[in-house]
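Colleague: This is the structure I want to talk about, given as structure tokens.
The values are calculated or read from the model by the stated rules, or taken from the named source; none is laboratory data. All of these numbers come straight from a predicted model, not from anything done at the bench. Here the Cβ is made from the backbone with ideal geometry for all residues, glycine too, and neighbour counts use every protein chain on show. In case anyone asks, the SASA skips ligands and DNA or RNA and just uses the protein heavy atoms, side chains included. Shrake-Rupley method; radii C 1.70, N 1.55, O 1.52, S 1.80 Å.
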Amino acid sequence: AIRAFVVVVVAAAATTTTPLGDEKATEGEAEQQGETSSSAFPFAVILFYKYIAIPDPDTFAEEQQSLCRRLGLKGRILIGPEGVNGTLSGPLPEIKKYETISESSNEGLLQGIQWKRSGSTNHPFADLQIKRVKEIVSTGGMAVNPAQDPSCGGVHLSPRSFHEALMNSTQEDTVLIDVRNRWEYAIGHFKTKNITAVDPDTKTYSEFKRWVDRDMDRFKNKKVLMYCTGGIRCETASAYLKKKGAKHVGQLQGGIHKYLDEFGAKGYFKGKNFVFDQRVALGDPKGTSTEVVGKCSMCAASYDNFDPGTVCTVCRDPVLVCDGCRKTDKYKEWYCRDHIYLRGVYYTYLEPFGAEELLKQAEKLREMFKEIHTGKQHKNRRRTFSRQIGKIEEALASRTSGKESELKSTAGQSRRPPCRTCGELECNGKCWGFWAGKVRPWKRRGETVESESQSDCTVGKKLKM
């Protein structure tokens, strides 16, 4: 099985350096498919990255800011000494201008970058945000740098080579890794008759290193295939696996995005591809697939639409909740898989509960608190329980204050609680992450930037890779 994988890898490497073979023609067809699908919409969205040493990141960021503003583009770009990672939206002609100018300027610094293009009915970003960062993707301390050593990662497999590798793989000889976060995996992942992608169950990519460290033995004697949204996370993930001792590592070049451009519903990717913009998720570019992979966290019905208002009441991570459960659930508070055990005892909004119910919640939380281990790694969990118990005690104390009649009037009522992020009753949840309003433009440290695009920063947390 290992030998078979090596043959596929060598073939893939050859096709990326020579103009020969049917695979190159197929890649051209995939590019044409991406062009066609984006041209059918009033706006185009591009996803791109490149690991390359940038001599002066500050100047490069200023140039990118100026170029994007001139072309009327929105989105985000992360720029660091190791490269660039971005996603932008705008009318297709302006997007094409951006691609051409970016590749030809700065002595061809971004020449040869792979642009992954899709369409949108409107700007899926609220504004333009360009940031200077230490890492263009937070790795959690992997200490690998593809910009310094381009050969440190796995073999880049074109969508067709990756497809063929999956055809010849089984759970016995291959580990297929989804490098993305748990909610991305929940609504779509690769699956064949003989192999299903492994979910590392991470909340952010910075947790991936810890997962590898813990489970490294499962990779050492098997070939490894991996994928992510557009390819960037696999660059450092594959490098770290090789650093830890994995011998045969292949990664999907261009990520799920390019794979769907080529194979669509006929391929092995099932469900939707999560994207970090207001479109939230993309399916088959041709629109021929209706397969739903996701499950409602409440009733397990097939469901794959993330809504900004349905987040975990404890940690505010996105949670899949179907329309039926959102209508019928009495308290309308939701729980991710880490905190589902707190359902029935932990609520953000305590107004609907009477004193007797609050006493039961506090008693149960105190019992659970005693079971939490001491130590730094459990500090946040203990603090969460302590704060909730204190919050309940304050609510109980108010029952004996002048607010008693007011609180009694709301106890037991079923109503939609205020937004979990901003606390406003009328908010539909679109006050955080990529759903939120405008963000501040890039600026050098210490500078004040005044422009029509400047406004208050995004409220609350942001979704992270």
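Colleague: Mind listing whichever residues of segment 238-284 are over 19 Å from residue 187 (Cα atoms) and of a type in the set (Lys, Arg)?
Modeller: 242, 243, 244, 247
Colleague: Report whether or not residue 230 is at positive phi and of a type outside the set (D, E, K, R).
Modeller: no
Colleague: Continuing with the same structure: With (1) over 16 Å from the mean Cα position of the chain (by Cα); (2) of a type in the set (Gly, Ala, Ser); (3) not in a loop (DSSP other than H, G, I, E, B) as the list, and residue 151 as the residue in question, which single condition is left unmet?
Modeller: (3)
Colleague: So if I check each of 258, 327, which one is in contact (Cβ under 8 Å) with a residue 60 or more places away in the chain and either touching a Ser or Thr at 6+ places or on another chain (Cβ under 6 Å) or part of a helix (DSSP H, G or I) (or both)?
Modeller: 258
Colleague: Kindly provide the set of residues from segment 291-320 that are of a type in the set (S, T, N, Q) and either closer than 16 Å to residue 274 by Cα or in contact with a helix residue (DSSP H, G or I) (Cβ under 9 Å, 6 or more places away or on another chain) (or both), ordered by number.
Modeller: Correct list: 297, 305, 310, 313.
Colleague: Right, residue 294: touching a residue at least 60 places away in the same chain (Cβ under 8 Å), small (Gly, Ala, Ser) and touching a Leu at 6+ places or on another chain (Cβ under 6 Å) or not?
Modeller: Yes, satisfied.
Per-residue answers, yes or no, for (1) open to solvent by less than 10 Å² (accessible area, probe 1.4 Å); (2) assigned to a strand (DSSP E or B); (3) closer than 22 Å to residue 137 by Cβ:
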residue: 55; (1), (2), (3): no, no, yes
residue: 79; (1), (2), (3): yes, yes, yes
residue: 89; (1), (2), (3): yes, yes, yes
residue: 98; (1), (2), (3): yes, no, yes
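Colleague: Considering each residue of segment 155-169, count those that are assigned to a loop (DSSP other than H, G, I, E, B) and open to solvent by 10 Å² or more (accessible area, probe 1.4 Å), and give that number.
Modeller: Residues meeting the conditions: 1.
Colleague: Just the residues that are of a type in the set (S, T, N, Q), touching a residue at least 24 places away in the same chain (Cβ under 8 Å), assigned to a helix (DSSP H, G or I) and open to solvent by 20 Å² or more (accessible area, probe 1.4 Å), please, taken from segment 100-113.
Modeller: Result: 106, single match.
Colleague: Just to check your reading of the model, which residue among 283, 287, 245 is open to solvent by 40 Å² or more (accessible area, probe 1.4 Å) and modelled with pLDDT under 95?
Modeller: Selected residue: 287, the only one of 283, 287, 245 that is open to solvent by 40 Å² or more (accessible area, probe 1.4 Å) and modelled with pLDDT under 95.
Colleague: Let me ask something else. Where residues in segment 330-344 are open to solvent by 20 Å² or more (accessible area, probe 1.4 Å) and on the phi < 0 side of the Ramachandran plot, which of them is farthest from the chain's Cα centre (by Cα)? Quick ask: steps written out before the conclusion?
Modeller: Step one: of segment 330-344, the residues open to solvent by 20 Å² or more (accessible area, probe 1.4 Å) are 330-332, 337-341, 343-344.
Add one more test, that the residue is on the phi < 0 side of the Ramachandran plot, and what stays is 330-331, 337-341, 343.
On the way: 330: 30, 331: 28, 337: 17, 338: 18, 339: 20, 340: 21, 341: 25, 343: 25 Å.
Ranking the candidates gives 330 first.
Colleague: Looking only at segment 364-407, filter to residues that are at pLDDT below 95 and small (Gly, Ala, Ser); which one of those is nearest to residue 347 (Cα to Cα)?
Modeller: So, considering only residues that are at pLDDT below 95 and small (Gly, Ala, Ser), the one nearest to residue 347 (Cα to Cα) is 395.
Colleague: Ok, one more. Within segment 375-394, can you find the residues that are in contact with a helix residue (DSSP H, G or I) (Cβ under 8 Å, 6 or more places away or on another chain) and either open to solvent by 100 Å² or more (accessible area, probe 1.4 Å) or closer than 17 Å to residue 314 by Cβ (or both)?
Modeller: Matches in segment 375-394: 382, 385, 386, 388, 389, 392.
Colleague: Output yes when any residue across segment 20-38 is part of a loop (DSSP other than H, G, I, E, B), open to solvent by 10 Å² or more (accessible area, probe 1.4 Å) and either touching a Lys or Arg at 6+ places or on another chain (Cβ under 9 Å) or at pLDDT 50 or above (or both), and no when none is. Step through it out loud before you land on a result.
Modeller: First, pick out the residues of segment 20-38 that are part of a loop (DSSP other than H, G, I, E, B): 20-21.
Retained after the next criterion (residues that are open to solvent by 10 Å² or more (accessible area, probe 1.4 Å)): 20-21.
If we keep only those that are either touching a Lys or Arg at 6+ places or on another chain (Cβ under 9 Å) or at pLDDT 50 or above (or both) as well, we get none.
Scanning segment 20-38 turns up no residue that is part of a loop (DSSP other than H, G, I, E, B), open to solvent by 10 Å² or more (accessible area, probe 1.4 Å) and either touching a Lys or Arg at 6+ places or on another chain (Cβ under 9 Å) or at pLDDT 50 or above (or both).
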